[in-house]
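Q: Take this structure first; my questions come after.
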Amino acid sequence: MKTLRDLKDLDGRRVLVRVDFNVPLDSDGAITDDARIRAALPTIDELRRRGARLVLVSHLGRPKDREPSLSLRPAADRLAELTGADVTLAPAVVGDDVRAFADNLAPGDILMLENVRYEPGETKNDPDLAAELASLADVYVNDAFGTAHRAHASTEGVARLLGEHAAGLLLEREVSILTSLLSDPARPLVAVLGGAKVADKIAVIERFLELADEVLIGGAMCFPFLAAAGHSVGASLCAADDVELAKRLLASDGVGSKLRLPVDLVAASEASVDAEPQPIDGVDVPEGLIGLDIGPRTTAAYAEAIASAGTVFWNGPMGMFELKPFAAGTRAVAEAVAATGGTTVVGGGDSAAAMHQFGLADRVTHVSTGGGAALELIEGKPLPGVEALR
C-alpha cells in the first residue's frame with residue numbers, strides 16, 4: 001500500500017484528502033465528540049508542512065435531500081480551531097464554483113467540500129462523480145479508515161483516476177496494527193466480543209476462534225449461545241436465527257476450550273435508566289426479565305483473562321452501558337483493557353465510545369476509528385478503499 005512517504009514533491013500541488021468527519025452532533029448541531037477530526041490532524045499537518053493545497057472530502061450521516069442539518073459546517077469550524085488555519089467550506093461537492101475555490105488555494109490552504117453524500121452518486125461509486133472529484137486535485141490521499149470498506153466514489157473510484165495516490169497516516173496505522181494483530185500477536189491473544197446480534201459478528205467470532213487463545217462473549221450476543229446451551233433467556237434479545245448460528249459454533253471442534261460465556265447476569269423488567277437492576281446468580285433469565293449486563297463474577301473472570309493477555313482485541317459492549325444501572329460490566333472490561341500491560345486494540349463503534357466516555361481512550365495501544373472496516377479486515381475481506389491504493 002502506498003503511503004505519504006511515497007509521495008515526493010507536494011509543494012504547491014492540490015491534494016484531495018478523504019477524511020472521516022462523520023462526527024456526532026447534538027440537537028443544536030454542535031459536535032459532541034471530535035475524536036475523528038483530531039485523528040486526521042497528523043496527515044493534514046504533514047501535508048500542509050510539505051506545501052500541499054488541501055481539498056478535504058467527507059460524509060456526515062445519511063442525507064436524503066441535502067438537509068442543512070447535515071452540512072459539514074460544524075466540522076469545518078472545528079478543524080479551523082484545531083489547526084489555527086482558515087478552513088473554507090465549499091458551497092457544494094463539485095461544480096464550477098467548487099473548482100474555482102480549489103484552483104485559488106495557496107500552499108497550506110484548506111478547502112472542505114460539502115457533505116459528499118449530498119451527491120447520490122457517492123454511494124453508487126458513480127464514475128462521473130469520481131471524475132469530477134479527481135478534477136479538483138493532482139494527488140489523492142485516503143485517511144478515512146472508517147469508510148475504507150465501502151467502494152464509494154470518494155473512497156475507491158477517485159483513487160483509480162488519480163495516478164498518484166497514497167494512504168494517510170491514520171489509514172496506514174489502522175491497517176498496520178490490525179493486520180499485525182492477526183499475523184503476529186503477542187500471546188495469549190484474548191478477543192472480547194459483545195454487541196447485539198451473533199449474525200452481525202459470526203465471521204469475526206469464527207476468525208478469532210481460529211486465531212485467539214480465548215474468546216470472551218458478552219452483551220446481548222451471549223443470549224443465543226446461552227439459549228443454544230439450554231438456558232432460559234426470558235425477554236432478552238435473542239433471535240431464532242442467532243440461536244441456530246450459536247448451536248453450529250458450539251458444536252465445532254475445539255470451541256469449548258476457547259469460547260467463554262457469562263456465568264452470571266444483571267437483568268431488569270425493562271431497558272430503562274429508571275429500571276431496578278436484578279442480579280442473577282447464574283444465566284437462566286426468569287420470564288419477563290431482560291438481561292442487560294454481565295454479572296460481577298463474569299466481570300471478575302473476564303478482567304482476569306484480560307490482565308494476563310499479551311494482546312487484547314475488544315469490540316462490543318458487555319451490556320447496555322448507555323444506561324448507568326447497566327454500565328458496570330462494560331466499564332470493568334474497559335478498565336481491565338486500559339490497565340493490562342499487553343497490546344490493546346479497541347475495534348471502534350460502541351467500544352470506542354465507551355473508552356472515550358470512561359476517559360480511558362488514551363490508555364490503550366489503539367482505538368480504531370472504523371468499527372465496520374476493522375471487523376471486515378479481521379474477517380479477511382478486502383477493503384476497497386485500501387485495495388485502490390495498492
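The values are calculated or read from the model by the stated rules, or taken from the named source; none is laboratory data. Remember, predicted model here, so these are calculated numbers, not experimental data. Here the Cβ positions follow ideal geometry from the backbone for every residue, glycine too, while neighbour counts run over all protein chains shown. What goes into the accessible areas is simple: the full protein's heavy atoms, side chains included, and nothing from ligands, DNA or RNA. Shrake-Rupley method; radii C 1.70, N 1.55, O 1.52, S 1.80 Å.
Q: Roughly what would the spin-label model give for ASP77 and LYS324, points 7 Å off Cα along C-beta, in nm?
A: With each label point 7 Å from Cα toward Cβ, the separation is 3.0 nm.
Q: Here are some values of Cα Rg over 2.2 N^0.38 Å: (1) 1.06; (2) 1.23; (3) 1.29. Which one was computed from this structure?
A: (1)
Q: Same structure, new question: Using the beta-carbon distance between ASP45 and GLN278 and R0 = 35 Å, what value does 1/(1 + (r/R0)^6) give for FRET efficiency, to the nearest 0.05?
A: Values: r = 51 Å, r/R0 = 1.46.
So the FRET efficiency works out to roughly 0.10.
Q: Also, I was wondering about something else. With contacts defined as alpha carbon pairs under 8 Å and 6 or more residues apart, what's the relative contact order of the chain in percent? Present the calculation step by step, with values, prior to reporting the outcome.
A: Details: 857 pairs, mean separation 60.0, N = 390.
That works out to 15 percent.
Q: Under the rule a/c < 1.5 gives rounded, and otherwise a/b versus b/c splits prolate from oblate, where does the stretch 165-289 land using the Cα gyration tensor?
A: Prolate.
Q: I want the antiparallel fraction of DSSP beta bridges within the chain, as a percent rounded to 5.
A: On the way: 8 of 45 bridges.
In the chain, DSSP labels about 20 percent of beta bridges as antiparallel.
Q: Beyond 28 Å between alpha-carbons counts as too far, so tell me which of LYS197/LYS324; LYS124/LYS381; LYS124/LYS247; LYS2/LYS124 fall in that bin.
A: LYS124/LYS247
Q: Find how much the distance from ALA199 to SER252 grows on full extension, using 0.36 nm per residue of separation minus their present alpha carbon separation; answer in nm with one decimal.
A: So the chain would gain 17.4 nm between ALA199 and SER252.
Q: Between the stretch 352-390 and the stretch 74-119, what is the C-alpha centre distance in whole Å?
A: Taking the Cα centre of each part, the stretch 352-390 and the stretch 74-119 sit 26 Å apart.
Q: So, one more: Using the heavy atoms of the protein chains and a 1.4 angstrom probe, tell me the accessible area per residue for the chain in square angstrom.
A: 40
Q: Per DSSP H run of at least 4 residues, take -39500 (n - 2.57); add these up for the chain, divide by its residues and hand me the 222 nm value, nearest 500 deg cm²/dmol.
A: It comes out at -10500 deg cm²/dmol, rounded to the nearest 500.
Q: Please give the Cα centre distance for the stretch 1-44 versus the stretch 173-221, rounded to the nearest Å.
A: So the separation of the two Cα centres works out to 28 Å.
Q: Right, another one. What FRET efficiency would be calculated for the residue pair ASP126, ALA35, taking the C-beta separation as r and a Förster radius of 25 Å, to the nearest 0.05?
A: My answer for the efficiency is 0.25.
Q: Please report the carbon-and-sulfur percent of the accessible area for the chain; probe 1.4 Å, protein heavy atoms only, DNA, RNA and ligands left out.
A: Carbon with sulfur: 48 percent of the solvent-accessible area.
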